[in-house]
Amino acid sequence: MPAPGGFTLQRERLDELFAALHRRGYTVIGPTVRDEAIVYAEITGCAALPIGVTDEQDGGHYRLRRREDDALFGYNVGPHSWKRYQLPPEVTLWRARREGDGALSELAQEPPPQARYAFLGARSCELHAMGILDRVLLGGAHADPAGRARREDVLVVAVQCSQAGNTCFCASMGTGPTAESGYDLALTEVLEGASHYFVLDAGSDMGAELLGELSHAPASEAQQRAARAAHARAAAQMGRELDVSDIRDLLYRNYENPRWEQVAERCLSCGNCTMVCPTCFCTSVEDVTDLANEHVERHQRWDSCFTVDYSHIHGGAVRASTRARYRQWMTHKLATWIDQFGSSGCVGCGRCITWCPVGIDITEEARAIRESEEHEHAGA
Ligand code: SF4
Ligand code: SF4
């Protein structure tokens, strides 16, 4: 079994990885083009990858473009994240049937999911997001058994970013662009003239075992240098940054900052930012009965702290204004999350910026609050 280290795999051999995963019974989930976006879905081979496609991202802007080469991973994260496999958008929690005497006689818990997933193409920020969501969903004494089953057997093939998007800021969050752990196998795609290959590193025994089944070769010094240059290119291209120094206390000190009112004038409370965020985990439950009232199901669905209903408790909504809801979301991501779960809730993937219909930018909002304090101190 090869030890973890630098190896190469030629582009035309990448289907061997799919075959090795399928032999082990994995369903491979990876990037593919659908509805003019790069999404995560089941894929069975390289042909389904977004070959020669790249994306263009900015606040409220996402477009796919043709690349001048046939790169397989030449784009940044799209609207989907791996959250949809850790915490699916909709889950039936249980079903029950009413018997003749009126009692609920058949109460069946939904069985845990059966599929063994291999996530292909996870980026560094996404590996961090998966870890954060695991701490939320599976940490503590009351982990959901179905959630645990979903994560138990997942194999991760990471792809190192060789370019960064205009809304990316993982470098300033300390979550990328180069993945250092949390994967079984990591690929760096290199295109140099007619050469097209991957530099691979195994991050686990399973990854090393998989690597052993591929037509790999030791990476030369020049090939490893090319991979490192690709990682450095991504770090240098980072389109945004967020100054996280003292961020928790900065936000705690600024509950009444007038900036919350200004952002609320633009925010539509649509919840897009929470749907695309790889760590947002709000859900609600709904009981559904048939017309005869004999069959009932309880569904769990993604919800959003941007809806008025989400904060509705006896007597009304706790966060009735958009100002209160935006402040809650951003302060949770960057401050209260640290107290709750020991880390920031943001990994700097930039999705909330790209997919906000009015281009509200969490990095700009944090900067504006920091600058308003600095101005206040300068004027004092
Ligand atoms: S808050 Fe925005 S940038 Fe941060 S992890 Fe969520 S979607 Fe990504
Ligand atoms: S910040 Fe943007 S995406 Fe989020 S709720 Fe407001 S308008 Fe929608």
Given points 7 Å out from each Cα along the Cα-Cβ axis, report the THR92 to SER215 separation in nanometres with one decimal.
4.6
Percent of accessible area on region 124-275 owned by carbon and sulfur, 1.4 Å probe?
48
Let me spell out the model: positive unit charges on the Cβ of Lys and Arg, negative unit charges on the Cβ of Asp and Glu, origin at the Cα centre of region 247-379. What dipole size does that give, in debye rounded to 20?
280
To the nearest 20 debye, what is the magnitude of the charge dipole of region 122-242 about its Cα centre, counting +1 on the Cβ of each Lys and Arg and -1 on the Cβ of each Asp and Glu?
460
Please name whichever of HIS314, VAL136, HIS61 sits farthest to the positive end of the charge dipole of the chain, dipole taken about the Cα centre and charges placed at Cβ: Lys and Arg +1, Asp and Glu -1.
HIS61
Looks like the chain, by Cα gyration tensor root eigenvalues a ≥ b ≥ c and the a/c under 1.5 rounded cutoff (else prolate when a/b is bigger than b/c, oblate otherwise), is oblate
Accessible area (Å², per residue) of region 73-161, counting only protein heavy atoms and a probe of 1.4 Å:
45
Accessible area of GLU371, 1.4 Å probe, to the nearest 10 Å²?
80
So for region 1-104, taking the charge dipole from beta-carbon charges (+1 Lys/Arg, -1 Asp/Glu), which of LEU21, ILE38, PRO50 sits furthest toward the positive end?
LEU21
Residue-by-residue Karplus 3J(HN,Hα) for region 329-336, coefficients 6.51, -1.76, 1.60, Hz, glycine and proline x:
5, 6, 5, 5, 3, 9, 9, 5
Can you give the convex hull volume per residue for the Cα atoms of region 247-379, as a whole number of Å³?
141
How large is the helix-only mean residue ellipticity at 222 nm for the chain, computed as the sum of -39500 (n - 2.57) over DSSP H runs with n ≥ 4, divided by its residue count, in deg cm²/dmol to the nearest 500?
-9000 deg cm²/dmol
Contour minus Cα-Cα distance for HIS61 and ASP205 (0.36 nm per residue)
47.8 nm
For region 100-198, what is the relative contact order in percent, using Cα pairs closer than 8 Å and at least 6 residues apart in sequence?
31
In a Gaussian network model of the chain with springs linking alpha carbons closer than 10 Å, the residue among ALA317, ALA232, ALA37 that fluctuates most is ALA317
About the Cα centre, charge dipole magnitude for the chain (Lys/Arg +1, Asp/Glu -1 at Cβ), debye
180
The chain, Gaussian network, Cα under 10 Å: of TRP94, TRP337, TRP329, the residue fluctuating most is TRP94
Normalised contact order of the chain, rounded percent, pairs of Cα under 8 Å and 6 or more residues apart
22
What whole-number distance in Å separates the alpha-carbon centres of region 260-317 and region 221-248?
36
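The values are calculated or read from the model by the stated rules, or taken from the named source; none is laboratory data. Because the structure is predicted, anything quoted here is derived from the model rather than measured. Glycine also receives a Cβ, built like all others from the backbone with ideal geometry; neighbour counts cover every protein chain displayed. Accessible surface is based on the protein model in full, side chains and every heavy atom, while ligands, DNA and RNA are left aside. Shrake-Rupley method; radii C 1.70, N 1.55, O 1.52, S 1.80 Å.
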